[in-house]
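The values are calculated or read from the model by the stated rules, or taken from the named source; none is laboratory data. Since the structure is predicted, the reported quantities are computational estimates derived from the model, not experimental observations. Quick reminder, even Gly has a Cβ in these numbers, built from the backbone with ideal geometry, and neighbours come from all protein chains shown. These accessible areas exclude ligands, DNA and RNA; they are computed on the full protein's heavy atoms, side chains included. Shrake-Rupley method; radii C 1.70, N 1.55, O 1.52, S 1.80 Å.
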Amino acid sequence: MAIQFYGRATAAVFAPLESTSRSARVARRLTDAIALGLLPDGEQLPGEADLAQQFGVSTVTIREALSVLRGEGLIETRRGRGGGSFVREPADGPAVLAKRRLAAVSVLELRDLGDLYAAIAGSAAALAARRNDVEDVRQLRRAAAQLADAQKPDARRRAEAQFHIQVAVAAQSARLYHEEVAMQAEFGTLLWLAFGDDDSHEQMVTSCDAVVDAIEARDEGAARRTAEQRVADATARLIDYHLAQEP
């Protein structure tokens, strides 16, 4: 079947893997996409041959990866006409997937991911401040407003991710855009474990507005600093959460 894209963010999900990638890497990327909401509950995945072509691996590798996802309850396979592999979001939502991931990550790795993500977010914001036009600012204001209006945790998580992605779009850098989407899948879902209450949501909305203000003012330094600080604060909070979960 033809691959359907649910927003440009999905393009990073099906980008070819490195030549050394194997089934575990495919399974990881698809799991990230489900956790981020890029592959919604009930969505049918492309066929094995199409997935193999998109990822740049063999169909055997794809079968192994899909078997892993079936074992974790993240997809179900239906036989017969209209059959295929369909996404099954966990009953407790993406938080379940994020908690599994967090349990296997050390504090040092979290700090390293936070440093990388801050660099990407800061660079994207600085470039957006330099290159934006009226439409970019309008889209950023809209994304920030959607975050402010979101009530449920999953809706807030997706809205915050879309805000970051929109900043990367305004930066007009294909590579930064790809890296932002990848970091949202790998790290953004983890960051949300330490948030969710109304106070932290309000802080996020305020910081998003500050980033947009700096971008609109074409203040590259302020845009970079504000975006980097957002990630640094979130990373520190996630590390505290992680330490509190340890026995």
(request) May I ask you to derive the relative contact order of the chain, considering only C-alpha pairs under 8 Å and at least 6 residues apart, and to give it as an integer percent? (result) 22 percent
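Could you order Asp149, Asp50 by accessible surface area, starting with the largest, using a probe radius of 1.4 Å?
Values: Asp149 110, Asp50 45 Å².
Putting Asp149, Asp50 in descending order of accessible area: Asp149, Asp50.
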(message) At 0.692 mPa s and 37 °C, plugging the Kirkwood radius over alpha-carbon pairs of the range 37-143 into Stokes-Einstein gives what diffusion coefficient in µm²/s?
(response) 188 µm²/s
(request) Give me the Kirkwood hydrodynamic radius of the range 119-184, using the inverse of the mean 1/r over all pairs of distinct Cα atoms, in Å to one decimal. (result) 11.8 Å
(request) For a label point 7 Å from the Cα of Val107 along Cα→C-beta, name the residues of the range 203-247 whose backbone N is under 13 Å from it. (result) 236-247
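Using helices alone, what [θ] at 222 nm do you get for the chain, with -39,500 (n - 2.57) per DSSP H run of 4 or more residues, divided over all residues and rounded to the nearest 500? Walk me through the numbers before you get to the answer.
On the way: 10 runs with 160 residues, N = 247.
So the calculated ellipticity at 222 nm is -21500 deg cm²/dmol.
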(request) Quote the convex hull volume per residue of the chain, based on C-alpha atoms, as a whole number of Å³. (result) 131 Å³
(request) Using only C-alpha positions, report the orientation-averaged shadow area of the convex hull of the range 142-247, nm², one decimal. (result) 6.7 nm²
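Sort His178, His164 by heavy-atom solvent-accessible area, probe 1.4 angstrom, most to least.
On the way: His178 75, His164 15 Å².
Result, largest first: His178, His164.
How much of the accessible area of the chain, probe 1.4 Å, is carbon plus sulfur, in whole percent?
Values: 6020 of 12280 Å².
Answer for the chain: carbon and sulfur cover 49 percent of the accessible area.
Counting only protein chains, not ligands or nucleic acids, how are Asp32, Asp233 ordered by accessible area (probe 1.4 Å), most first? Intermediate values should be presented prior to the final figure.
Values: Asp32 15, Asp233 90 Å².
Listed by decreasing accessible area, they come as Asp233, Asp32.
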(message) Rolling a 1.4 angstrom probe over the protein chains, ignoring ligands and nucleic acids, what is the accessible area of Val96 in square angstrom, nearest 10?
(response) 40 Å²
(message) Quick check for you: with a 1.4 Å probe and neighbouring chains kept, what is the accessible area per residue of the chain, in Å²?
(response) 50 Å²
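Defining a contact as two alpha carbons under 8 Å apart and six or more residues distant in sequence, what relative contact order in percent does the range 20-140 show?
Relative contact order comes out at 24 percent.
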(request) Would you please give the residues with an amide H less than 5 Å from that of Leu39, counting only those at least 5 places away or on a separate chain, with H modeled from the backbone geometry? (result) Ile34
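How large is the Kirkwood hydrodynamic radius of the range 203-247, in angstrom, based on all distinct alpha carbon pairs? Mind showing how you got there, number by number?
Working: mean 1/r = 0.0869 Å⁻¹.
Final number for the Kirkwood radius of the range 203-247 is 11.5 Å.
For the range 27-69, state the average projected area of the convex hull of the C-alpha atoms over all orientations, rounded to one decimal in nm². Please list the in-between numbers first.
Numbers: hull surface 11.3 nm².
If you wrap the Cα atoms of the range 27-69 in a convex hull and average its projections, you get 2.8 nm².
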